[in-house]
Amino acid sequence: MNSKRVIITGANSGIGLAAALKFAKEGHVVIMACRNIEKSRPVQQEVIKKTDNPSVILKHLDVSSFKSIEQFCDELNQEFDQIDILINNAAYFNHGSEYKLSEDGIEITFATNVAGPFLLTHFLNNLLSRSDDPRVLNAGSNIIKHFLNPKKEIDFTNLEGENMKDPSHSVYVNYRNSKMALLMLTFTMADYFKPEGINVNSIQINGATMSKESLQKVKPGWRIIARFQNLFFRPPEYTADLYYNLCTSDEYKHHTGVHFNHRAVPMQPALNNGGLLTDIKQALGSDVYPLYADREDIKEKVWNRCREMTREYITLDS
Ligand SMILES: NC(=O)c1ccc[n+]([C@@H]2O[C@H](COP(=O)([O-])OP(=O)(O)OC[C@H]3O[C@@H](n4cnc5c(N)ncnc54)[C@H](OP(=O)(O)O)[C@@H]3O)[C@@H](O)[C@H]2O)c1
């Protein structure tokens, strides 16, 4: 078997952990990129023990911190000749929490879910492009369905503490916006990295049961909702298997700039003005993504904002 080197961010719990187990079980080299080493060390040991694969490496990475991303990539550059797969799985979704800035002065949801993956992917460009089949997968969410409503837009006006005391601030809304921004970034990155042969896709996750620990991150009101949702959601292993297939199967070798649904089927842009029945079908199904995601002006805005935020760390040609 062709053993791959795969980085999974946020691999100490939930879908990330299930994915680490899956890749390790299949004999790949797994780099668990986690922000809390003390907490993640026993998890790494558990993965090694359960899979009998010693090539499970734990590295420190706080995706919300540009310095941490730089250090993580410096280390990888010293230790590896190439990376085959990057899964941008980690995310901030502490619903109900107050407005918070990352150490780089960026709203924490955007920093973790958008700007972090942007910088990380760029920094790994060299290592990825040495693989003969490099793939990047971004973890999306069905929360972007809100954008099927044409009135919804990403708010770019409060991403760097411009209005920290805004009483209408909501992590839920920021999370919704961040996942839309990540999808747009997926499309732009796919074009950007095409010359290097790096495929960039995303997967729309409809839900995965949350662990007790993850439930503690959201405030009590949201916790009740999440506990209720847990009754209906699939176990994290379901999505982990999708990660695995999308990142290793020959079937997806030539896909790039694709947003996949939970059946690993490419999603299409939604139909506008299809009538009420179409609207309902689109909102309930998982076949289409909101047209908003294809807006060139907003895609450019997301890209440029990420570039500006990370300008001390990278300079891009275009
Ligand atoms: N669960 C769902 O219903 C659902 C639905 C749609 C999409 N998703 C997406 O699926 C992905 C995985 O979520 P999950 O359900 O598996 O949740 P989870 O169990 O809470 O896992 C999230 C992981 O991200 C890590 N993380 C958060 N901030 C980080 C940072 N700054 N740096 C590094 N790691 C960080 C967490 O680390 P700590 O343990 O240190 O906090 C944790 O390991 C996320 O992208 C999420 O948005 C999940």
When you go through GLY257, GLY274 one by one, which is the residue that is in contact (Cβ under 8 Å) with a residue 60 or more places away in the chain and part of a loop (DSSP other than H, G, I, E, B)? GLY257
Exactly one of ALA190, ALA208 is buried (at least 19 other Cβ atoms within 10 Å of the Cβ), within 16 Å of the ligand (Cβ to nearest atom) and within 18 Å of the chain's Cα centre (by Cα), and that residue is ALA208
Going by what's in this entry, would ARG130 be described as surrounded by 18 or more Cβ atoms within 10 Å (Cβ to Cβ), away from the ligand (no atom under 11 Å from the Cβ) and either modelled with pLDDT under 95 or among the basic types (Lys, Arg) (or both)? no
Is there a residue in the range 61-77 that is aliphatic (A, V, I, L, M), touching a residue at least 12 places away in the same chain (Cβ under 8 Å), open to solvent by 30 Å² or more (accessible area, probe 1.4 Å) and at negative phi? no
Pull out all pairs, ordered by first then second residue, where Cβ-Cβ is under 8 Å, the residues are six or more apart or on different chains, the first lies in the range 176-198 and is over 21 Å from GLY96 (Cα atoms) and of a type in the set (Ser, Thr, Tyr), and the second is at pLDDT 95 or above and within 16 Å of the ligand (Cβ to nearest atom). THR186/ASN138; THR186/GLY140; THR186/VAL200; THR186/ASN201; THR186/SER202; THR186/HIS259
Looking only at the range 106-143, count how many residues are out of contact with any helix residue (DSSP H, G or I) (no Cβ under 9 Å at 6 or more places or on another chain) and of a type in the set (Gly, Ala, Ser). 1
List the number of the failed condition for ASN199; all other conditions in (1) buried (at least 16 other Cβ atoms within 10 Å of the Cβ); (2) within 9 Å of the ligand (Cβ to nearest atom) hold. (2)
Does LEU271 count as open to solvent by 30 Å² or more (accessible area, probe 1.4 Å), under 29 Å from THR157 (Cβ atoms) and in contact with a strand residue (DSSP E or B) (Cβ under 8 Å, 6 or more places away or on another chain)? no
Picking from ALA91, ALA111, ALA139, the residue that is near the ligand (Cβ under 8 Å from one of its atoms), touching a residue at least 40 places away in the same chain (Cβ under 8 Å) and open to solvent by 20 Å² or more (accessible area, probe 1.4 Å) would be ALA91
Residues of the range 283-318 being assigned to a helix (DSSP H, G or I) and either modelled with pLDDT under 90 or surrounded by fewer than 16 Cβ atoms within 10 Å (Cβ to Cβ) (or both), which ones? ALA283, LEU284, LEU291, ASP294, GLU296, ASP297, GLU300, LYS301, ASN304, GLU308
Taking first residues from the range 223-245 that are more than 14 Å from ASN206 (Cα to Cα) and second residues anywhere that are within 11 Å of the ligand (Cβ to nearest atom) and open to solvent by 30 Å² or more (accessible area, probe 1.4 Å), the pairs with Cβ under 8 Å that are 6 or more apart or on different chains are ARG223/GLN216
In the range 218-276, what residues are among the β-branched types (Val, Ile, Thr) and more than 12 Å from the ligand (Cβ to nearest atom)? ILE224, THR248, THR256, VAL258, VAL265
All but one of (1) touching a helix residue (DSSP H, G or I) at 6+ places or on another chain (Cβ under 9 Å); (2) in a helix (DSSP H, G or I); (3) among the polar types (S, T, N, Q); (4) away from the ligand (no atom under 13 Å from the Cβ) hold for GLN82; state the number of the condition that does not hold. (2)
Go through the range 253-265 and count every residue that is closer than 17 Å to MET189 by Cα and either open to solvent by 30 Å² or more (accessible area, probe 1.4 Å) or over 17 Å from the mean Cα position of the chain (by Cα) (or both). 4
Filtered residues of the range 149-172 (kept if open to solvent by 50 Å² or more (accessible area, probe 1.4 Å) and of a type outside the set (Ser, Thr, Tyr)): ASN149, PRO150, LYS151, LYS152, GLU153, ASP155, GLU160, GLU162, ASN163, MET164, LYS165, PRO167
Just one of (1) under 21 Å from GLY197 (Cα atoms); (2) touching a Leu at 6+ places or on another chain (Cβ under 6 Å) trips up SER249, so point out which. (2)
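The values are calculated or read from the model by the stated rules, or taken from the named source; none is laboratory data. Only a predicted model underlies this, so the values are computations on that prediction, with no experimental measurement involved. Backbone-built Cβ (ideal geometry, glycine too); neighbour counts: all protein chains shown. In case anyone asks, the SASA skips ligands and DNA or RNA and just uses the protein heavy atoms, side chains included. Shrake-Rupley method; radii C 1.70, N 1.55, O 1.52, S 1.80 Å.
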